[in-house]
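Here the structure is laid out as structure tokens; the discussion comes afterwards.
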Amino acid sequence: PELTAFALDDLLQQLRIELDPLAKERGIDLVFVKTSHYVRSDRRLLRRLIQNLVSNAIKYTPAGGKVRVGVGATDNGIELWVADSGPGIPAADRPRGS
């Protein structure tokens, strides 16, 4: 990994620009909530991880749904969240992921 410090919002806004056409094509309302947080991470790897999470949310959310991406402060730092109005993981499949 190549660790650098950077504004997380810059990365999120780049992803918004990239993924918004896909969301619009699928009839999904995609919103990235602005943040002032900075992180020290491998920018490329973090970008891929967030892109994968958001792409999956768009893929599995039905037309007319919503996908929101944001960052919140925690006692230990920050957390990234992706919330969508998709169906979620079926109850029968949930034990497999734990």
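Tabulated data for the structure shown
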read-out	value
DSSP beta bridges in the range 15-98 [antiparallel fraction, %, rounded to 5]	65 percent
Extension reserve of the Ile17-Asp75 stretch, reckoned as 0.36 nm per residue once the Cα distance is removed	17.8 nm
The range 52-98 versus the range 5-42: alpha-carbon centroid distance in Å	14 Å
Between 0 and 90°, nearest 10: helix 43-60 axis offset from the chain longest Cα axis	20 degrees
Point-to-point label distance, Phe6-Ile89, nm (Cα→Cβ direction, 7 Å offset)	2.9 nm
Folded to 0 to 90 degrees: helix 8-25 orientation relative to the chain principal axis, Cα	20 degrees
Charge dipole (the chain, unit charges on Cβ, about Cα centre) - positive-most of Ile89, Asn52, Val67	Ile89
Local electrostatic count, Asp42, Cβ distance below 14 Å [Lys/Arg +1, Asp/Glu -1]	+4
Solvent-accessible area, 1.4 Å probe, carbon plus sulfur percent, for the chain	53 percent
Cα centre as origin, Lys/Arg/Asp/Glu Cβ charges: the chain dipole, Debye	180 debye
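The values are calculated or read from the model by the stated rules, or taken from the named source; none is laboratory data. Keep in mind that this is a model prediction, so the values were computed, not measured. Heads up, the Cβs are rebuilt from the backbone with ideal geometry, glycines too, and the neighbour counts pull from every protein chain shown. The protein model used for the area step is the full one, side chains on, heavy atoms only, and it has no ligands, DNA or RNA in it. Shrake-Rupley method; radii C 1.70, N 1.55, O 1.52, S 1.80 Å.
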